[in-house]
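Undergrad: One structure, as structure tokens, below. Some questions next.
Coordinate-derived values only; no laboratory data. Since the structure is predicted, the reported quantities are computational estimates derived from the model, not experimental observations. Quick reminder, even Gly has a Cβ in these numbers, built from the backbone with ideal geometry, and neighbours come from all protein chains shown.
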Amino acid sequence: DSGVTQTPKHLITATGQRVTLRCSPRSGDLSVYWYQQSLDQGLQFLIQYYNGEERAKGNILERFSAQQFPDLHSELNLSSLELGDSALYFCASSVGLAANTGELFFGEGSRLTVL
Amino acid sequence: QQQVKQSPQSLIVQKGGISIINCAYENTAFDYFPWYQQFPGKGPALLIAIRPDVSEKKEGRFTISFNKSAKQFSLHIMDSQPGDSATYFCAASTGRLSGSARQLTFGSGTQLTVLP
């Protein structure tokens, strides 16, 4: 158990809909990362938050947005869903500047199926 | 520049054999090279990592070999076991860009199957 909690584990929805994925990082971790994993694209970095602030953006679509709340949990919002958005979405967390080992701790992912 | 290229895409090895997975990178700012292991239905988990000031790191049956001049690194799994069957991702990162926690760029993954 990595200590990172993601909900929901599975989600089935229709095209055009909007969903929210939630992530609770490990206790004490200030950084939260979102990754998308699909069969043909591997693990693609979407976005990173550090202590509530956006720190880096990867290949995140404009239809997607995220935020990190004061209690450090994070949400990834996916809107106007398309079939191609079907994937596993992983949240990961890491310690901040104080003890930067470089290790990310991943949750078990949220599997999104868009029909 | 941020890409990490991984090969092979899939690998089948007999029990007791050696599994070798290779990765190459372009960005010379990368200064941390971890390998992650992912079992079906689980998130990736750190297996072993190396920094470019050493050429090899060994932890049990797992060894990373690092060639800084060639910008390549590889994972060797000695005495491969069926329980090692998983997807392996190499990755690289630099902490210099954001000033905060590191961002990882992952390779495309290698699905390893170890036959009993």
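Undergrad: Measure up A:9/B:42; B:15/B:57; B:5/B:42 against 19 Å on the Cα-Cα distance and list the ones that go over. Mind showing how you got there, number by number?
TA: Values: A:9/B:42 11 Å; B:15/B:57 23 Å; B:5/B:42 23 Å.
From the list (A:9/B:42; B:15/B:57; B:5/B:42), the Cα-Cα distance tops 19 Å for B:15/B:57; B:5/B:42.
Undergrad: Further, regarding this structure: Which value, in debye to the nearest 20, describes the size of the charge dipole of the range B:47-86 about its Cα centre when Lys and Arg Cβ atoms bear +1, Asp and Glu Cβ atoms bear -1, and nothing else is charged? If you can, show how the numbers build up before the last one.
TA: On the way: 6 positive and 5 negative charges, 42 e Å.
Around 200 debye, computed over the range B:47-86.
Undergrad: Can you bin chain A into rounded, prolate or oblate? Criterion: square roots of the alpha carbon gyration tensor eigenvalues sorted a ≥ b ≥ c, rounded for a/c under 1.5, prolate for a/b above b/c, oblate for the rest.
TA: Values: a/c = 1.84, a/b = 1.75, b/c = 1.05.
Verdict is prolate for chain A.
Undergrad: Run the dipole for the protein assembly as shown about the Cα centre, Lys and Arg Cβ at +1, Asp and Glu Cβ at -1, nothing else charged, and hand back the magnitude in debye, nearest 20.
TA: Working: 19 positive and 19 negative charges, 51 e Å.
In total the dipole reaches around 240 debye.
Undergrad: Please compute the average number of Cβ atoms from other chains found within 10 Å of each residue's Cβ in peptide A:104-110.
TA: On the way: counts 12, 4, 7, 2, 3, 5, 0.
For peptide A:104-110, the averaged partner shielding equals 5.
Undergrad: Assigning unit charges at the beta carbon (Lys, Arg +1; Asp, Glu -1) and nothing else, what dipole magnitude in debye, to the nearest 20, does chain B show about its Cα centre? Write down the numbers at each step before the final one.
TA: Working: 11 positive and 7 negative charges, 24 e Å.
Dipole of chain B, to the nearest 20 debye: 120 debye.
Undergrad: Something else about it: Just for the Cα atoms in the protein assembly as shown, what are the lengths along the principal axes, largest first, rounded to whole Å?
TA: Here the spans come out as 47, 39, 31 Å, largest first.
Undergrad: So, one more: Give me the mean projected area, in nm² to one decimal, of the convex hull enclosing the Cα positions of chain B.
TA: Result: 7.1 nm².
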